[in-house]
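Here's the structure, in C-alpha cells; my notes come after.
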Amino acid sequence: MSDYSSKINLSKLSWKSIVGFIVALIAGLLVGGTVGINISNTEEGVIIEATGNSVIELSDEQVPTVIETEDGDVEVLNAPTVEMIDGNGLIDECPEGEECGKGAFRYIDVTNPTTIKDSIINTCVDVDGYFGSQCWDASAAVAENMTGRRLSTCGTGAAKGMMDCWQTNAGEDYEVIWDAVSLQPGDIAVFGGGTYGHTGIILGSYNNGYVALLGTNQGGSSCQGGGSSANIINISTKNFIGAYRWKEYIVKEEPTPEPQARNCSEWKVEKGDTLGAIMAYCQGKTEWGEAMTAYAESWVSKNYKPGQTVYAGWNSETGVGLYAGDVIQFVGGE
C-alpha cells in the first residue's frame with residue numbers, strides 16, 4: 001500500500017494564522033518525528049501536505065493540547081489540533097491461507113498513561129505485520145500489554161469498527177465509555193470519520209471539544225511498510241464513538257468505614273451538641289422516632305437539672321434537653 005498525503009485548505013485564514021499554524025504543525029505534529037511537509041499556493045488556497053498513511057483534517061484554529069502527568073499535574077503542549085483522521089484499512093487477524101508473524105508482540109509499560117507515552121513516543125508499532133505502523137497497532141499493542149489480548153476491529157478491518165463488537169472486546173477487562181466528556185488518560189478511544197476512522201490512547205481530560213491523543217499513523221515520521229510513528233495530537237471529539245477503560249485504571253473508592261460504637265457513660269455537653277450526634281458517636285448510628293425517644297430518656301442531667309432526662313427537658317417549659325456546660329449521664333438502655 002503506497003503512501004498518500006493529508007491536506008488542509010487554508011484559503012480562509014490570514015497569513016498570520018497560517019504562519020502560526022505552520023509553527024504549531026512543526027512543533028506539535030512533529031512530536032513523533034519528522035514529517036515531509038510541502039506548502040503550495042494554489043487557486044484553492046494554501047495547501048499543506050503531510051506525508052503519511054492517513055488523511056488528516058487539521059483545524060483552522062489551534063486549541064491548547066492538555067495532558068496530565070504521572071503526578072497528576074497538567075501540562076500544555078503545542079501539538080496540532082485535528083478535526084478528523086481517516087486511517088487506512090487494517091488487518092488484525094491472519095487472512096485465511098496466509099502465514100502471519102511478521103508483526104510481533106511489543107512490550108509497553110502500562111503502569112500508567114505516562115509510561116505508555118514514554119514507551120512508544122517517536123517509535124513505530126506494527127503488531128500484525130500489515131501496512132506498517134497503523135493506528136490500530138498502537139491501541140492493540142497497549143491492550144495486549146494490559147490484558148493479554150488485542151482489541152479487535154470486529155471483522156471490519158477499520159479502526160472505527162472496534163466498537164461494533166464492544167461487548168466481546170470489553171469482556172471482563174474494560175469499562176466502556178460512551179460520553180466524550182468522561183474521557184480520562186489511559187482510555188483507548190475510537191473515532192469515526194471517513195472510511196476507516198481512527199484510534200489512539202487518551203492522555204488528557206476532555207477540553208472544550210478536544211482531547212490529547214497518543215497514537216500512530218497520525219502525522220509522525222514515516223515507518224517501514226507504511227504508517228507513521230507515535231506522536232501526540234489534539235483531536236476533536238465530534239467523531240468520538242466510544243472508548244475502552246482498563247479496569248485497573250479505575251480509581252477504586254475506599255468504602256466508608258462503619259462508625260465505631262463507643263460505650264459512653266457520661267458526656268460533657270458543648271454548645272451546638274445534638275443528641276443525634278451523641279447517639280452516632282456512642283452507638284455508631286443515629287436512629288429516630290421511638291428509638292430516639294428511648295435514647296433521650298436514658299440520659300439525665302447531673303448539674304443543671306439533676307435527675308431530669310433529656311427527653312423530659314425537651315418537653316419542659318424551656319423546651320431544652322441539652323444545656324451547654326452540663327454533664328449528662330447515661331443511666332439505661334443499650
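Values in this text are rule-based calculations from the coordinates and carry no lab data. In this text the structure is predicted, and so the values were computed from the model without any measurement. Here the Cβ positions follow ideal geometry from the backbone for every residue, glycine too, while neighbour counts run over all protein chains shown.
Taking amide H atoms as placed 1.01 Å from N in the peptide plane, the amide H of GLY200 lies under 5 Å from those of ALA189, each 5 or more residues away in sequence or on another chain. Give the shape of the range 89-246 as rounded, prolate or oblate, defined through the alpha-carbon gyration tensor: a ≥ b ≥ c are the square roots of its eigenvalues, a/c under 1.5 means rounded, and otherwise the shape is prolate if a/b is larger than b/c and oblate if not. Since a/c stays below 1.5, the shape of the range 89-246 is classed as rounded.
Close amide H partners of GLY227, meaning residues 5 or more places away or on another chain with modelled amide H under 5 Å apart, are ASN53, SER133. Shown in residue order for the range 138-148 are the 3J(HN,Hα) couplings computed by the Karplus curve 6.51 cos²θ - 1.76 cosθ + 1.60 at θ = phi - 60°: 5, 5, 5, 5, 4, 4, 5, 6, 6, 10, x Hz (x for Gly and Pro). A protection proxy built from the mean count of other Cβ atoms within 10 Å ranks the segments 291-299, 153-161, most packed first, as 153-161, 291-299. Applying the Karplus relation 6.51 cos²θ - 1.76 cosθ + 1.60 with θ = phi - 60° to the range 236-248 yields 3J(HN,Hα) values of 5, 9, 5, 9, 4, 9, x, 8, 10, 10, 4, 5, 5 Hz, where x marks Gly and Pro.
Projected label points at ASN303 and PHE105, each 7 Å from Cα along the beta carbon direction, are separated by 7.3 nanometres. Using the average count of surrounding beta-carbon atoms within 10 Å as a protection proxy, the listed peptides 112-125, 190-203 rank, highest first, as 190-203, 112-125.
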